[in-house]
Structures are given as C-alpha cells and as structure tokens.
Amino acid sequence: MYTLSDFDFNLPPELIAQTALADRTASRLLEVVGEGAHATLSDRHFTDLPGCIAAGDLLVFNDTKVLKARFHGHKGSGGKIEVLIERLTGARTALAQIRASKTPLEGSTLRLADAFDVTVGPRVEPFYTLVFPADCLELIERYGRLPLPPYITHEADAFDEARYQTVYAMNPGAVAAPTAGLHFDPALLARLDAAGVRRATLTLHVGAGTFQPVRTENLAEHRMHTEWYEIPPSLVDLVSETRAAGGRVIAVGTTSMRALEAAARDAIRAGAPAGTLRAGSAETDIFITPGYTFNLVERLITNFHLPKSTLLMLVSAFAGYETIRAAYQHAIEARYRFFSYGDAMLLTRTGPRPEDPSP
C-alpha cells in the first residue's frame, strides 16, 4: 500500500522551467520502455517522436483552450481580492476561487479589473458562484489574465498567452493547459500524419484543482477535484478501428488519459465489456494510483510532474512505480526541464494489452 511519502523526491529548483522554449518542438523527450530494472531509458528530442510511434497508432489530444481566468479587483468596501475562475456554468455565471481578507457575502458586489462588477451568488464548496453583467466568456477574454501555474514566478505576458495554449486548442474552458500538447507544432503534426499515425481529439476542461496538493498520507482519504469532459462519436469510432487493427491508443497528456479511462470505467459500470468507449459528456473525479487497471490507453506522452502530486501517482500506476522512480532520477541527473514548460516523456503501459471488447 503506497502512501503520500512514497511519491516524494528532491528536485533542484533550477530544473523547474520558468519560461517556454521559443520553438515548441525543441524540448527533450525521455522514452521509457520496459519496467523496473529492465526498463530502457532513451534520451531523445521531441522531433524524434514520429519515429517512436508506429503507423496505425492513434494519438488522442485534448483540445481544451485556457481561459484568461485570473482577475485582480476589490470589494465594495475597498478590500483587495484575487479571483480565479474555475469553470463556466452558464452564459453569465461561473464558479471561482476568491482570495480576500474576509469571506465575501452572498449578494455582495465585486469590481474586477477596474472594468465591471460581478455579484457573489451561492457558495458551491470550495468555490463561489459569480454572476456576470454580460456574457462571461467575452468579459473573461477581454479583461482577464492568463493564469500561469503557481510554480512559475513571473506574470503572464504576450509570449505566455501564445505558448501556454496548444496549437490545436478550440474549446475554451480550462484554467490550466494540457501541457503535454504544448510540444506539438503544425510541422510535427504534419510529419505524424505522413508517417501514418492517426489523430483524434476529446475535450477535458482542466480545473485549478490540478494543482491541489494531497494533504493526507493515506491516499484513500484524498478527494479529487472534478473536471468536465466530452468524448465525441468520431473518437469512439477511431479507437475501435485502431484497436481492431492492432494499433495502440496513445494519450497526449494526463488529461486525455483521465477522460479516456473515466469514460471506459463508466462504461464498465454500466455493464459494457472492458475496453468499451462511449460518446458523451460527464464529470469525472477519477483518481488513478498504482494498482489501477487501465482499459484503453497503452502509451502516454506527458511532462514531468510535481513531487507528491496526483499526476505523479498516475504515471507511476501506468508505467510502474520503480520505473518512474528510475526515470525521474535519470531526468534530474541529465538536467531535464520539469513541469508545465518543461520536457516530456513517452511511457508504455505495464502489463498485458487490454482485451478488445467483443463485437
């Protein structure tokens, strides 16, 4: 039984990437094949990716788009506040985190960005409902600031506004980027197409809870944040075709992984065979730790994650605990760049291939 301390490691602070590389594909790629002491760790460049993936394999991308979700403002009393939009809930409503010296009361008014007022609605723990005076997406994009992760120490600038979005971002709603996708540019996508690699998208709106620390040694006591995702019918068809032809489903990022595995888990709970994927949208609070049985994803492209984070637990479940420990130690010694603006890994799932559902 693993505990929180099992996922701690010492990371030199200078390895936390503070800025993105100007060239998206200039990052490094650590390819990990095998398990434990038998794992092979290969230092590559991200531009090598097409040679690491077989024709007929399917890359699944998350096409969410990051909102300019951070606001500074003040209460009617003049007290300063900071607001981080968590998710949109309607044309004029959203859930948000609010930092203030005193808890804002329901019905009170907040002035954001010295531009417009919002009304505080009912509390939806741990968030506040905010009612906007007009279309909230329009106001957020016009007056908000890009919310960089807490370990990045500078304020977002014009460069960040371009680089903290994937080139294929389409559906606004996230407050953090699906960072494994930041390494792709149109030229690399074209090379993957030419190599016979298939592509598909889903949407999972990444919430601020992705940075929420685990506060209990007993992992079973941790409660995951929820995130909204949607699986389109076209993805269901491509996954079925790929697996039937012997290809592998490769998640681009832990957010794509969470959506795929949540949908497959829910299908099993509804009585479908293992490996079934169904179209539709839902909320998920899936918490993947070592011992989890993966139903769909066979390879994973991902960045390097924070100590004691739920994402480190996820990749440890996927590639093997000892494998990830060895890979992270290698990455530190080889001076890889860590976290959202850092380098990437290509992992292979341990254990046998998931069974295809019966027709």
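Across the chain, how large is the tail of the calculated P(r) beyond 27 Å, expressed as a percent of all Cα pairs?
Within the chain, distances greater than 27 Å cover 48 percent of Cα pairs.
Apply 1/(1 + (r/R0)^6) to the Cβ-Cβ distance of ALA26 and ARG269, taking R0 = 41 Å, and write down the FRET efficiency to the nearest 0.05.
Rounded to the nearest 0.05, the efficiency is 0.45.
For HIS330 and ALA245, compute 0.36 nm times the residue count separating them, minus their Cα-Cα distance, and round to one decimal in nm.
Value of the extension gain: 27.1 nm.
What is the sum of charges, Lys and Arg at +1 and Asp and Glu at -1, for the other residues whose Cβ falls under 13 Å from the Cβ of ALA326?
-2
Place a label point 7 angstrom from the Cα of GLU138 along the Cα-to-Cβ direction, then list the residues of the stretch 72-116 whose backbone nitrogen is under 14 Å away.
91-93
Using a Förster radius of 22 Å, what is the FRET efficiency between TYR151 and ASN10 based on their Cβ-Cβ separation? Nearest 0.05, please.
0.90
Obtain the nm distance between the two label points defined at ALA115 and LYS80 by a simple spin-label model: each point lies 7 Å from its Cα along the Cα-to-C-beta direction.
Each label point lies 7 Å from its Cα, and together they span 2.0 nm.
Only four residue types carry charge here, +1 at the Cβ of Lys and Arg and -1 at the Cβ of Asp and Glu. Report the dipole size of the chain about the Cα centre in Debye, rounded to the nearest 20.
400 debye
With a ≥ b ≥ c the root eigenvalues of the C-alpha gyration tensor of the stretch 1-61, is it rounded (a/c under 1.5), prolate (a/b larger than b/c) or oblate?
Oblate shape, in that a/c is at least 1.5 and b/c is the bigger or equal ratio.
Please give the contour-minus-distance gain from VAL33 to ARG215: 0.36 nm per residue of separation, less the Cα-Cα distance, rounded to one decimal in nm.
Using 0.36 nm per residue and subtracting the Cα-Cα distance, I get 62.3 nm.
May I ask you to list the residues of the stretch 206-244 whose amide nitrogen lies under 17 Å from a point 7 Å from Cα along the Cα→beta-carbon direction of ARG99?
208-213
Going by how many other beta carbons lie within 10 Å of each one, how would you line up ILE16, ILE250, ILE140, fewest first?
ILE16, ILE140, ILE250
If the label point is 7 Å along Cα→Cβ of GLU106, which residues in the stretch 125-158 have backbone nitrogen under 18 Å from it?
125-132
So for MET224, MET345, MET1, MET257, fewest C-beta neighbours within 10 Å to most, what's the order?
Listed from fewest to most nearby Cβ atoms, that is MET1, MET224, MET345, MET257.
May I ask for the Kirkwood hydrodynamic radius of the stretch 70-143, worked out over all distinct Cα pairs and given in angstroms to one decimal?
11.9 Å is the Kirkwood radius here.
Testing the spin-label approximation: label points 7 Å from Cα along Cα→Cβ at ARG92 and GLU283. State their distance in nm.
Going from the ARG92 label point to the GLU283 one covers 2.3 nm.
If the only charges are +1 at each Lys and Arg Cβ and -1 at each Asp and Glu Cβ, what is the size of the charge dipole of the stretch 70-143 around the Cα centre, to the nearest 20 debye?
Rounded to the nearest 20 debye, it is 240 debye.
Out of the trypsin sites (Lys or Arg not before Pro) in the stretch 77-141, which ones are loop residues according to DSSP with at most 11 other C-beta atoms within 10 Å?
When the trypsin sites (Lys or Arg not before Pro) of the stretch 77-141 are filtered for loop state and at most 11 Cβ neighbours within 10 Å, LYS102 remain.
I need VAL249, VAL197, VAL315 ordered by Cβ neighbour count within 10 Å, fewest first.
VAL197, VAL315, VAL249
On full extension of the chain, what length is gained from MET224 through ALA194, given 0.36 nm per residue of separation minus the C-alpha to C-alpha distance?
Here the segment from MET224 to ALA194 would lengthen by 6.9 nm.
Any read-out appearing in this document is the output of simple, stated calculations on the displayed coordinates, not a laboratory observation. Model, not experiment: these values are computed from the prediction. Heads up, the Cβs are rebuilt from the backbone with ideal geometry, glycines too, and the neighbour counts pull from every protein chain shown.
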